[in-house]
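These notes concern the structure reproduced below.
The values are calculated or read from the model by the stated rules, or taken from the named source; none is laboratory data. Quick caveat: nothing in here was measured; it's all calculated off a predicted structure. All Cβ positions, even for glycine, are placed from backbone atoms using ideal geometry, and neighbour counts span all protein chains on display. The protein model used for the area step is the full one, side chains on, heavy atoms only, and it has no ligands, DNA or RNA in it. Shrake-Rupley method; radii C 1.70, N 1.55, O 1.52, S 1.80 Å.
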Amino acid sequence: MIRHKDLGDKPFARSKALWRKIQSGEIVLGGNRKLKIYGRLDCTAGKRMKAENRVFFENGTEAINSGYRPCAVCMRKEYMLWKNQHSIT
């Protein structure tokens, strides 16, 4: 897991570092640290979160192992599977 603020001291440096990591495949998914939700980088819901809450993952397994759940907006199928596995019966 990579925290957004750990990518650089200034916004431009963070953007540049983030772009390099996306291009190299080191970052594939983004997440909200406070809500423990992860999703695609182009998710409309995810784009609204504050930078201090933003984290990034290389894959879904890393996100799940870190205690995050799939986003219900951009990862509907994965979210429904997660929800069915974690529902109280």
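Data for the structure
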quantity: Solvent exposure ordering (accessible area, 1.4 Å, most first) of E62, E26; calculated: E26, E62
quantity: Protection proxy ranking of 47-59, 1-13 - average other beta-carbon atoms within 10 Å, highest first; calculated: 47-59, 1-13
quantity: The chain, relative contact order [Cα under 8 Å, separation at least 6], %; calculated: 30
quantity: Accessible area of the chain belonging to carbon and sulfur atoms, whole % at 1.4 Å probe; calculated: 52
quantity: Potential extension, A17-R40 segment - 0.36 nm per residue separation minus Cα distance; calculated: 6.5 nm
quantity: Overall form of the range 1-41 per C-alpha gyration tensor (a/c, 1.5; a/b vs b/c); calculated: oblate
quantity: Isotropically averaged projected area of the chain, using the convex hull of Cα atoms (one quarter of hull area), nm²; calculated: 5.8
quantity: Integer Hz, Karplus 6.51/-1.76/1.60 couplings in order for the range 21-35, x for Gly and Pro; calculated: 5, 5, 4, 7, x, 6, 10, 10, 10, x, x, 9, 4, 6, 8
quantity: For R54, residues with placed amide H under 5 Å, excluding near neighbours; calculated: H4, R33
quantity: Per residue value of the accessible surface for the chain (all protein chains in place, 1.4 Å probe), Å²; calculated: 70
quantity: Simple label model, 7 Å out from Cα along Cβ direction - S24 to K10, nm; calculated: 2.2
quantity: C-alpha center-to-center spacing [the range 62-89, the range 1-56] in angstrom; calculated: 19
quantity: Placed amide H near R69: partners under 5 Å, 5+ positions off or other chain; calculated: I37, Y38
